[in-house]
Structure formats: structure tokens, C-alpha cells
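Colleague: The following block contains the structure, expressed as C-alpha cells.
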2 protein chains.
Amino acid sequence: MEIVIFGSGNVASVLGRKFKAAGHNILQIVARNASAASSLAYELNTESTNYLSLVHKTADIYILAVPDSVIIGIAKELRLPDRVVAHTAASVSKDVLNPVTSRYGVFYPLQSLRKEMSTLPTIPLFFDGSDQYTSDVLQSLADSISPQLVTAATDEQRLKLHVAAVITGNFTNHLYSLAEEYCRKEGIDFAQLRPLIAETALRIQSISPKQAQTGPAIRHDRETIEKHLALLENHPSLKSIYVLMTESIQSDGGGRE
Amino acid sequence: MEIVIFGSGNVASVLGRKFKAAGHNILQIVARNASAASSLAYELNTESTNYLSLVHKTADIYILAVPDSVIIGIAKELRLPDRVVAHTAASVSKDVLNPVTSRYGVFYPLQSLRKEMSTLPTIPLFFDGSDQYTSDVLQSLADSISPQLVTAATDEQRLKLHVAAVITGNFTNHLYSLAEEYCRKEGIDFAQLRPLIAETALRIQSISPKQAQTGPAIRHDRETIEKHLALLENHPSLKSIYVLMTESIQSDGGGRE
């Protein structure tokens with residue numbers, strides 16, 4: 001398929017590489033940041049522009065991989081009647097694209113994407129279309145880069161997926177970050193925790209996290225918990241999180257070890 | 001080295017396999033659970049007993065891979081003068097083993113171990129000894145199964161490492177568990193989050209988690225956060241965690257995206 005990509009950031013870059021690797025033809029990169037746009041265009045062997053008036057009119061699909069607020073702005077100006085146009089945002093309704101075309105939709109990658117990634121990650125994709133034709137085209141594009149990982153999802157389902165993604169991705173990373181800061185302040189080496197972090201994420205690829213829960217909280221090991229809280233006296237923010245997470249684990253019941 | 005292992009649970013099983021793979025001779029498994037003990041002994045090609053009076057007296061090292069409360073009980077009864085005896089607990093002082101021998105210490109694996117593991121994980125090890133000879137022996141054993149990942153650590157340092165391990169291992173897994181429960185209640189598929197979970201843990205193997213932070217909290221994207229909180233109205237426990245983690249991310253400053 002012939003694809004025009006809006007954006008030159010993390011999502012645009014990684015999806016662009018995926019499209020190219022799947023054999024699609026990237027017609028154009030459209031982005032405000034001229035330097036990033038031309039750099040991505042060079043990588044994807046295509047051209048770039050930062051003028052909406054210069055957007056190619058004949059592509060099969062237009063992917064708006066731009067920040068939420070920018071989607072709205074583009075939708076006000078861009079007119080591509082009957083072309084398939086989709087944005088990649090979790091929390092923006094597909095209907096904001098209604099002024100642009102009769103064939104609009106969403107192409108949402110549930111993954112943390114960084115343009116600096118050296119290998120292309122596995123990306124579950126969720127699509128939605130204003131009509132059957134649009135849904136079919138978006139599903140077909142999704143299947144071409146993420147076979148077996150493509151699901152239809154409404155605006156509401158996508159928002160729920162985003163909540164779950166924030167919890168398992170952003171919040172988890174913040175726990176890593178808090179631990180790193182704690183280690184630095186206490187003079188211990190955060191690098192020694194990396195194998196545990198890898199193992200914890202690896203384990204739930206095959207078993208339920210509920211079954212994998214271990215540690216002093218689930219064991220109701222009050223003695224160890226008290227020792228930990230004493231150590232956290234000088235880390236009040238971390239202590240609040242320790243207390244809340246411990247209570248949450250204990251009220252959750254079940255678990256093992 | 002000739003090693004006697006106390007315990008037949010997760011830590012005893014995985015350390016036992018690591019010792020065997022490194023060429024050590026497991027002299028004996030000592031455990032109360034006769035069935036688990038004989039099963040582990042069979043796997044490690046050795047014998048088992050559940051009587052402290054039948055413990056071999058001539059091993060080079062005795063590893064007490066048993067729950068914290070059991071360590072204390074064993075220390076009251078076991079006498080192995082001048083043998084090297086170490087427990088594997090994060091939060092128990094090495095000095096509880098003082099009655100057992102003049103050469104006591106700790107051999108702490110900072111990893112989440114499960115006997116069901118099909119492959120042996122990378123295990124950072126922390127050792128401590130009552131004297132130089134004991135430290136040397138324990139360090140040598142640690143080096144044999146975890147080259148480049150062996151560090152001396154006092155009781156206090158080990159307890160701090162454990163706090164960091166609880167945050168990055170147990171609490172992280174609990175976030176996975178909460179997300180799984182949320183997905184089940186909302187009719188979305190938790191399995192679709194697994195690639196994101198893997199990527200989030202993989203990323204911080206090479207960059208700082210602080211640099212890897214993304215999402216609506218670090219972007220101060222109030223509109224998305226409000227949408228998420230509205231969706232969490234029927235999940236009060238998860239909502240509390242969402243609010244606290246969001247505040248913590250925002251007060252932390254910095255970050256990217």
C-alpha cells in the first residue's frame with residue numbers, strides 16, 4: 001500500500017520502519033519539525049514536507065502519528081475526501097477525523113515506542129473504522145506488520161486499554177525509577193536489580209501475575225515489612241507507595257509463596 | 001565443593017541446580033517436607049533426610065535456603081563447629097547463625113526464584129561472612145555460579161537491597177496483577193499488554209528508567225488523566241494507586257516525551 005505518515009516522532013518513526021519492512025511504499029512524511037521530518041524521510045527512502053497544502057492526495061492510507069492536540073489541529077485544516085485517514089492515539093475519539101474524510105479511523109499501537117530502538121518491537125495493534133471498507137483497509141495494514149496481534153477496538157475499549165497500558169508500562173517504569181533513586185541515595189547499585197526486573201516481566205509472559213506474586217506483603221510477613229518501613233523513614237514519597245502497594249497486595253488475597 | 005542444602009522450596013531447588021551445573025557435589029538435602037526433599041535429592045543425584053541429627057558433618061558449605069522463621073529454629077538445634085554455614089535470607093542478620101558455628105555468613109540471591117523455572121536465571125549474589133575465611137569460601141561459591149555478579153554486603157546493605165527488590169519485583173508484579181483484574185472486569189484482553197510489559201523491562205536494561213519515563217503523567221496531560229480517572233470510578237483501589245503514582249511521577253520532575 002502507499003502510505004503518507006504525519007509526524008516524525010517515536011510513533012511515526014517506528015511505524016514507518018515497520019511499514020517499510022513489510023514492503024509498503026511510504027509516499028511522504030508530513031511534519032512540522034523539518035529536520036526530524038527530513039531525517040525520517042531519508043531513512044524511509046521518501047520525501048518530506050511541512051506544508052499541509054503539499055500533502056499527496058492519492059495515497060491508500062494516511063497515518064496521523066502526532067500528539068493528541070496536533071490531531072485536532074490537523075483535522076481542522078486537512079481535507080482528503082474519501083481517502084482512508086487514521087490517527088494513532090489511545091485517548092482521542094476517531095470522530096475528530098470526521099471533517100477530513102468520509103473514511104476515517106484509528107490505528108493504535110499498544111506498545112512503548114522510541115525512535116532510538118535498535119530492533120523493531122512486537123506491537124499489538126487496535127483498529128477502528130467509520131465504515132466497513134475503512135476497517136478492512138486498516139486491519140489489513142495492521143495484519144501486515146503485526147500478524148496475530150490485531151484486534152478491533154472502539155473508542156471506549158481503546159481508552160480502557162490505555163489505562164491498563166499506563167499501569168503496566170508507565171507506573172511500572174516509575175517504580176524502577178523510584179528504586180534507582182533509592183539505590184543512589186543509599187549507596188547501593190541499581191544495576192544489580194536488572195536481572196530481577198527482567199525475570200519479573202518474563203515470568204508473566206506465560207503465567208498469571210496473580211499466581212506469580214511473592215514477597216513480604218503476600219506472605220503477611222509483618223516483621224520484614226516493619227524493617228523496610230523503618231528504612232524508608234527518609235524517603236516519605238516512596239514510603240507512601242510502599243504502604244499503599246502492601247495494603248493493596250494484602251487486600252487482594254490469594255497468591256503464593 | 002561439597003555442599004549440604006537445607007530446604008526443598010524455590011531457593012533450595014534453583015540454587016541446588018546452579019551448584020550442580022557448576023560442578024559442585026551436593027552431599028545431602030535436609031528438609032522437613034520429605035516428599036519435596038526426596039524429589040529434589042533425586043533431581044540433584046543425592047540423598048535426603050528430615051532429621052537434623054542425620055546431617056553430614058564434613059561438607060565444605062551448608063546453605064540454609066529456608067523461610068526466615070525456620071532459620072531461627074534450625075540455629076537453635078544445629079551444631080556444626082568450624083563448618084561454613086550460611087543462610088539465604090535478605091532480612092535476617094547473619095548473627096542468628098552464631099550458635100551453629102564459628103564460621104557463619106549469608107549467601108543472598110537477589111532474584112525471584114521458582115522451582116518450576118525451565119531455565120536457570122541470572123542471579124546477582126551478595127555474601128557476608130563472620131571472618132575472612134568464611135567470606136572467601138562464600139565468595140568463591142558465588143563466583144562459581146554467578147561470575148561478575150557477586151558483591152559483599154552487610155546486613156544493612158542486604159536489607160536495603162531487599163527494599164529495592166520488593167519495589168521493582170513484588171510491587172511491579174502487583175501492578176501487572178491489578179491490570180489483569182481490571183482487564184477481566186472490563187472485558188479486554190490482558191495478553192495484549194504482555195509485549196508492552198516485556199519492552200518496559202527490557203528498555204531499562206540499557207538506559208536509566210528516569211530517562212525512559214513516558215505517558216500522560218510525565219506529560220502533565222490532564223485531559224487524558226481525567227478520562228482515565230473517570231473510567232476507574234468502579235475500581236476504587238486501583239484509582240488510589242493511579243492517583244498516587246501520577247502524583248509521584250509529576251513531583252519527580254524531569255523525564256522525556
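Colleague: Taking the condition more than 22 Å from A:A201 (Cβ to Cβ), among the hydrophobic types (A, V, I, L, M, F, W, C) and in contact (Cβ under 8 Å) with a residue 12 or more places away in the chain, does B:L125 pass?
Modeller: no
Colleague: Let me confirm something: among B:S91, B:S69, which residue is small (G, A, S), farther than 24 Å from B:Q132 by Cβ and either touching a Pro at 6+ places or on another chain (Cβ under 9 Å) or buried (at least 23 other Cβ atoms within 10 Å of the Cβ) (or both)?
Modeller: B:S91
Colleague: Now, a different point. Could you list all residues from the range B:127-144 that are buried (at least 22 other Cβ atoms within 10 Å of the Cβ) and in contact with a helix residue (DSSP H, G or I) (Cβ under 6 Å, 6 or more places away or on another chain)?
Modeller: B:F127, B:D128
Colleague: Limited to the range A:218-228, what total is found for residues that are facing chain B (nearest Cβ under 7 Å) and either out of contact with any His (no Cβ under 8 Å at 6 or more places or on another chain) or touching a residue at least 60 places away in the same chain (Cβ under 8 Å) (or both)?
Modeller: Qualifying residue count, the range A:218-228: 1.
Colleague: Looking only at the range A:135-186, which residues are among the charged types (D, E, K, R) and within 7 Å of chain B (Cβ to nearest Cβ)?
Modeller: Of everything in the range A:135-186, those that are among the charged types (D, E, K, R) and within 7 Å of chain B (Cβ to nearest Cβ) turn out to be A:K160, A:E180, A:E186.
Colleague: Please determine, by comparing only the residues of the range A:40-51 that are surrounded by fewer than 16 Cβ atoms within 10 Å (Cβ to Cβ) and in a helix (DSSP H, G or I), which one is farthest from the chain's Cα centre (by Cα).
Modeller: For the range A:40-51, the residue satisfying everything is A:Y42.
Colleague: Taking the condition part of a strand (DSSP E or B) and either touching a residue at least 40 places away in the same chain (Cβ under 8 Å) or in contact with a His (Cβ under 7 Å, 6 or more places away or on another chain) (or both), does B:L27 pass?
Modeller: Taking the combined requirement at face value, the residue satisfies it.
Colleague: Among the residues that make up the range B:204-211, is at least one of them part of a helix (DSSP H, G or I), out of contact with any Asp or Glu (no Cβ under 9 Å at 6 or more places or on another chain), more than 14 Å from A:H162 (Cα to Cα) and facing another protein chain (nearest Cβ under 8 Å)?
Modeller: Within the range B:204-211 (the criterion being part of a helix (DSSP H, G or I), out of contact with any Asp or Glu (no Cβ under 9 Å at 6 or more places or on another chain), more than 14 Å from A:H162 (Cα to Cα) and facing another protein chain (nearest Cβ under 8 Å)), the answer is no, since none of the residues qualifies.
Colleague: Which one of A:T200, A:T246, A:T214 is surrounded by 19 or more Cβ atoms within 10 Å (Cβ to Cβ) and assigned to a loop (DSSP other than H, G, I, E, B)?
Modeller: A:T214
Colleague: Continuing with this model, one more query. I want to confirm something. Restricting to the range B:7-56 and keeping residues that are under 18 Å from B:S69 (Cβ atoms) and of a type in the set (A, V, I, L, M, F, W, C), which single residue is modelled with the lowest pLDDT?
Modeller: Selected residue: B:L52.
Colleague: State whether one or more residues within the range A:102-111 are out of contact with any Pro (no Cβ under 9 Å at 6 or more places or on another chain), β-branched (V, I, T) and buried (at least 22 other Cβ atoms within 10 Å of the Cβ).
Modeller: Yes, there is a match, as at least one residue in the range A:102-111 is out of contact with any Pro (no Cβ under 9 Å at 6 or more places or on another chain), β-branched (V, I, T) and buried (at least 22 other Cβ atoms within 10 Å of the Cβ).
Colleague: Out of curiosity, is A:D221 more than 27 Å from B:E186 (Cβ to Cβ) and touching a strand residue (DSSP E or B) at 6+ places or on another chain (Cβ under 8 Å)?
Modeller: no
Colleague: Looking at the range A:207-245 only, could you name the residues that are over 23 Å from B:V243 (Cα atoms), touching a Ser or Thr at 6+ places or on another chain (Cβ under 7 Å) and of a type in the set (K, R)?
Modeller: A:K227
The values are calculated or read from the model by the stated rules, or taken from the named source; none is laboratory data. Quick caveat, the model's predicted, so the values are computed rather than measured. Virtual Cβ from ideal backbone geometry, glycine too; neighbours counted across all protein chains shown.
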